[in-house]
Amino acid sequence: MELLENIRLYAFVLNSTLFFLLETVWEFKPQTESRWSHLMKNFGIAFSNGIIYGISFAIAADWIVRTTEQMNFGLMNWLNLPLIWEIVLSLVILDLVIYIWHILLHRIPFLWRFHIVHHIDSRLDFSTGTRFHLGELIAMSLFHLPIFFLLGLSFEALILNQALMLVFTQFQHANVQIPSRIDNVLRKIMITTNFHQVHHSTKNQEFNSNYGTVLSCWDYLGKTYNPQRNIQSIETGIQKTPKVMNFRDIMKFPFQK
């Protein structure tokens, strides 16, 4: 049980180590900002979020799991599936929920003010996948926690889903390019680095596309898929924002006029 409770932390450490090494050996786009400065800044955001948000979210999620189990409430309790199928089904459902949430982040001005912190990172790498403003995470929890209640997830399914989402989020932002032949196959099923790079383009028609996190089917079905393949030419970030910002400026950014 202790292993399960810490699996998100283990996933973060192992995944970060793996992608740090991959980006060291097979860096896709040369960057102007210092790599270590960029990593420390993004990890600083991630760790501060983990302390402030992570603990409160874990308490709320744990209460939901225990309550729905005691009440025998929620889709997973009613279906009573084997754990492996509960994990698979909940991953598909939650991935759709995150896809919808991601679109709302871009369409609702108040939410975009916080989500822009993720997009102003012009030096895209695996650490960008953990760079989210605390305001966005709080709003996300208010959106997600009622859905967790309706799903009636087990503790195991919830923790494993959170860990898998973290792995995929870091993967899709990694500064490595997948060979086109492999990418063409993978993107039919899942979100790849090449697929998601388009979403971080400075061009409106590109960053308002390719919203998926794990499965690519939602972008195909939702008609938000952009097939742009010339990844090397894509400039990432947000126009008319500083290319390099310190931790304090990043946290203050949503509150500026």
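The values are calculated or read from the model by the stated rules, or taken from the named source; none is laboratory data. Since this is a predicted model, take the numbers as computed values, not measurements. Cβ sites come from the backbone with ideal geometry, for glycine too, and all protein chains shown count toward neighbours.
Criterion applied to Leu124, Leu158 was being part of a helix (DSSP H, G or I) and surrounded by 18 or more Cβ atoms within 10 Å (Cβ to Cβ), and the one residue passing it is Leu158.
Scanning the range 59-98 for residues that are over 24 Å from Leu215 (Cβ atoms) and charged (D, E, K, R) yields a total of 3. For Phe132, the test of being of a type outside the set (Ser, Thr, Tyr), in contact (Cβ under 8 Å) with a residue 12 or more places away in the chain, surrounded by 17 or more Cβ atoms within 10 Å (Cβ to Cβ) and assigned to a loop (DSSP other than H, G, I, E, B) is passed. Residues that are within 25 Å of Leu96 (Cα to Cα) number at least 1 in the following helices (runs of 4 or more DSSP H) confined to the range 186-257: 193-197, 204-207, 217-221.
Apart from one condition, Phe28 fits all of (1) surrounded by fewer than 16 Cβ atoms within 10 Å (Cβ to Cβ); (2) at pLDDT below 90; (3) closer than 19 Å to Asp121 by Cβ; the exception is (1). For the range 4-25: of the residues being among the charged types (D, E, K, R) and at pLDDT below 85, which is surrounded by the most Cβ atoms within 10 Å (Cβ to Cβ)? In this case the residue turns out to be Arg8. Among the candidates Ile93, Ile147, Ile98, Ile159, the residue that is in contact with a helix residue (DSSP H, G or I) (Cβ under 8 Å, 6 or more places away or on another chain) and at pLDDT below 95 is uniquely Ile159.
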